[in-house]
Amino acid sequence: MSEYQDFLQERDRLDFMIQQGYSIKNIIENLSGAFVELENKEGEKETLQILTPDGRKYFSVLLLKQQKTGAL
Amino acid sequence: MADLRINLAGIQSPNPFWLASAPPTNSGYQVQRAFEAGWGGAVWKTLGDPILNVSSRFAAVSFNGQKVAGFNNIELITDRPLEVNLKEIYETKKKFPNHAIIASLMVEPKQEKWHEIVKRVEDVGVDGLELNFGCPHGMAERGMGAASGQVPELVQKQTYWVKEVAKTPVIVKLTPNITDITVTAEAAVEGGADAISMINTINSLAAVDIDTWDTVPHVGGKGAHGGYCGPAVKPIALHMVGECARNPRINVPISGIGGISNWQNAVEFMLMGATGVQVCTAAMHHGFRIVEDMIEGLNNYLDEKGIASVSELVGKSVQKYSDWGDLDLNYKIVARINNDTCINCNKCHIACEDTSHQCIDMLKDESGKGYLKVREEDCVGCNLCSIVCPVDGAIDMVEVKSGLPPMTWNERQAALGILACGVDPVTK
Ligand SMILES: Cc1cc2nc3c(=O)[nH]c(=O)nc-3n(C[C@H](O)[C@H](O)[C@H](O)COP(=O)(O)O)c2cc1C
Ligand code: SF4
Ligand code: SF4
């Protein structure tokens with residue numbers, strides 16, 4: 001499968017979490033990729049592992065948007 | 001007809017094309033012929049304490065039939081008596097009062113030595129001085145040239161000594177044999193330099209003869225490292241000029257040198273911050289008359305662009321030369337193959353398949369004829385396929401909208417920092 005398909009899946013998973021009212025609380029990047037920790041208003045937590053470079057660009061854009069607008 | 005005159009720190013010349021200090025400027029005979037051919041200025045072959053040269057001095061690197069892609073020398077400064085050079089400088093200046101003659105100088109790092117030579121060359125009417133802190137061989141072993149040009153304190157001190165007595169503008173010629181040329185450029189400015197020039201030659205060994213096992217060149221079976229110049233060094237020189245031009249602490253004009261072979265190269269150096277350029281290898285390869293094409297080409301270029309004076313080019317690309325961390329990570333280009341012009345050599349497919357991202361597919365049309373197509377979503381826009389393609393225009397690199405707003409690495413890291421600790425690590 002092409003890396004692009006991997007990215008599309010990662011993007012969908014990130015978009016889905018945001019649509020569900022989650023926001024990014026923490027990001028840990030290490031040799032295993034990036035771990036995006038999200039939380040919703042009820043305090044429920046989810047962690048997404050993002051492996052593709054385009055995926056890492058994508059959550060960075062989401063984070064910048066979140067910090068600029070205070071929301072996603 | 002555009003105005004090609006330049007004024008580099010007070011040194012005026014009818015055009016931006018100067019001959020660099022090297023064999024083409026060894027004598028009055030040569031410099032006068034060069035001025036007749038159209039060169040705007042000449043930096044005389046470096047004057048200094050007496051030296052001796054070896055025989056077998058030059059070597060060139062040919063690449064795939066291209067002669068002199070790079071040029072290597074183990075020649076030192078002038079070996080002619082100072083008096084003879086001074087007399088010829090005087091005569092040449094008298095014959096060509098409107099052309100720039102700059103004396104290149106190199107003596108031991110001693111105040112009285114610099115004072116003496118500066119006074120003597122200024123007495124014969126030079127328009128400026130260029131301090132050669134760059135020669136990488138021979139002189140360096142005696143504490144001169146690159147040996148002093150690699151030590152910022154020595155660059156500053158020697159520039160200062162020259163400025164104590166100099167009446168004409170002082171250009172400091174820098175060596176590229178250093179990790180960060182802006183450090184020595186700053187030292188030159190602190191020493192009072194009116195301008196800087198770069199680059200001198202890069203430490204090199206041209207080749208080893210695989211039959212005799214001798215170095216190329218060799219002097220009776222023995223070799224020594226030399227200095228590299230010519231087209232191969234142009235990217236290195238251009239980068240160094242750009243780094244100095246965009247450094248706010250280096251606020252003096254730059255004379256660009258290194259691999260300049262035609263008017264286009266000269267325009268590149270001027271756009272990247274050079275006020276004028278110097279040429280050595282191209283003149284040694286093709287003779288003085290290459291300047292005719294350079295002048296004509298530059299003139300036409302300026303006229304076509306509607307630019308009245310060549311000085312208007314200076315530094316126009318500098319603000320576009322940034323740091324990697326300030327580039328937009330969401331800018332995206334992809335390769336597109338024009339099947340009408342493609343000759344189906346498959347070089348691009350092999351390049352992408354073997355050494356890039358495996359995204360040029362070999363497909364067949366209805367008639368069974370093979371063609372290539374880029375899977376754009378997997379293309380990272382590395383340019384490799386278009387670089388190896390032998391047919392101009394067969395591959396276009398085109399911008400595609402990523403759908404994401406611009407974002408630099410620095411902005412991204414700042415956002416991650418805020419998330420981690422609540423503060424912006426870039427501004428704090
Ligand atoms: C054979 C030879 C001798 C040179 N001698 C000197 C010299 O005496 N003084 C100096 O400042 N630079 C000297 N250079 C360096 C040139 O002035 C110039 O900085 C360098 O060759 C890069 O320009 P190019 O790529 O146009 O040749 C010499 C270069 C060559 C090839
Ligand atoms: S630009 Fe790079 S990744 Fe894209 S098709 Fe060409 S070689 Fe492959
Ligand atoms: S390298 Fe150029 S000419 Fe060769 S197959 Fe690719 S696009 Fe066609």
- Among the residues of region B:377-390 satisfying the criterion of being more than 8 Å from ligand 2 (Cβ to nearest atom) and surrounded by 14 or more Cβ atoms within 10 Å (Cβ to Cβ), which is nearest to the other protein chains (Cβ to nearest Cβ)? B:E377
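Given the structure, is A:S32 exposed (fewer than 15 other Cβ atoms within 10 Å of the Cβ), hydroxyl-bearing (S, T, Y) and either on the phi > 0 side of the Ramachandran plot or more than 9 Å from chain B (Cβ to nearest Cβ) (or both)? Walk me through how you get there before you give the answer.
On the way: exposed (fewer than 15 other Cβ atoms within 10 Å of the Cβ): yes; hydroxyl-bearing (S, T, Y): yes; either on the phi > 0 side of the Ramachandran plot or more than 9 Å from chain B (Cβ to nearest Cβ) (or both): yes.
Yes: the conditions hold for A:S32.
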- Only one of A:I50, A:I28, A:I24 is touching a helix residue (DSSP H, G or I) at 6+ places or on another chain (Cβ under 6 Å) and more than 25 Å from B:H357 (Cβ to Cβ); which? A:I24
- If we keep just the residues of region A:35-66 that are of a type in the set (S, T, N, Q) and closer than 20 Å to A:Q9 by Cα, which is nearest to the other protein chains (Cβ to nearest Cβ)? A:S60
- Looking only at region B:321-337, which residues are in contact with a strand residue (DSSP E or B) (Cβ under 8 Å, 6 or more places away or on another chain) and within 14 Å of chain A (Cβ to nearest Cβ)? B:G325, B:L327, B:D328, B:L329, B:Y331, B:K332, B:V334
- Query: Quick check: anything in region B:252-263 of a type in the set (S, T, N, Q), closer than 25 Å to B:E190 by Cβ, outside any strand (DSSP E or B) and modelled with pLDDT of 95 or more?
  - Reply: no
- Query: For B:T408, all conditions in the list (1) free of Cβ contacts under 8 Å to residues at least 24 places away in the same chain; (2) within 14 Å of another protein chain (Cβ to nearest Cβ) hold save one; what is the number of the exception?
  - Reply: (1)
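Return the only residue of B:D396, B:D378 being assigned by TED's automatic domain parsing to the domain that holds B:D328, of a type outside the set (V, I, T) and over 19 Å from B:N339 (Cα atoms).
On the way: B:D396 fails: over 19 Å from B:N339 (Cα atoms).
Within the list B:D396, B:D378, the selection yields B:D378.
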- Query: Which of the residues spanning region B:249-268 are in contact with a Lys or Arg (Cβ under 9 Å, 6 or more places away or on another chain) and within 15 Å of B:L302 (Cα to Cα)?
  - Reply: B:N265, B:E268
- Message: Condition (residue is in a helix (DSSP H, G or I), surrounded by fewer than 19 Cβ atoms within 10 Å (Cβ to Cβ), without any contact (Cβ under 8 Å) to a residue 12 or more places away in the chain and within 21 Å of the chain's Cα centre (by Cα)) applied to region B:303-318: is it met by at least one residue?
- Response: yes
- Task: Output the residues belonging to region B:47-66 that are surrounded by fewer than 16 Cβ atoms within 10 Å (Cβ to Cβ) and part of a loop (DSSP other than H, G, I, E, B).
- Result: B:D49, B:P50, B:L52, B:N53, B:V54, B:S55, B:S56, B:R57, B:N64, B:G65
- Residue in region B:69-114 that is farthest from ligand 2 (Cβ to nearest atom), counting only those that are touching a helix residue (DSSP H, G or I) at 6+ places or on another chain (Cβ under 7 Å) and among the hydroxyl-bearing types (S, T, Y): B:T92
- What helices (runs of 4 or more DSSP H), lying completely within region B:67-171, carry at least 2 residues that are farther than 19 Å from B:A193 by Cα? B:82-95, B:111-123
- Message: Would you confirm, using the coordinates I've provided, whether B:I210 is at pLDDT 95 or above, under 23 Å from the mean Cα position of the chain (by Cα) and in the same structural domain as B:P50 (by TED's automatic domain parsing)?
- Response: no
- Query: Which residues, counting only those in region B:338-371, are within 9 Å of ligand 3 (Cβ to nearest atom), away from every other protein chain (no Cβ under 14 Å), surrounded by 11 or more Cβ atoms within 10 Å (Cβ to Cβ) and aliphatic (A, V, I, L, M)?
  - Reply: B:I350, B:A351
- Message: For region B:186-205, check the following and say yes or no: at least one residue is surrounded by fewer than 17 Cβ atoms within 10 Å (Cβ to Cβ), of a type in the set (A, V, I, L, M) and outside any helix (DSSP H, G or I).
- Response: yes
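The values are calculated or read from the model by the stated rules, or taken from the named source; none is laboratory data. Being a predicted model, the structure only gives us computed values, none of them experimental. Neighbour counts run over all protein chains shown; Cβ positions are idealised from the backbone, glycine included.
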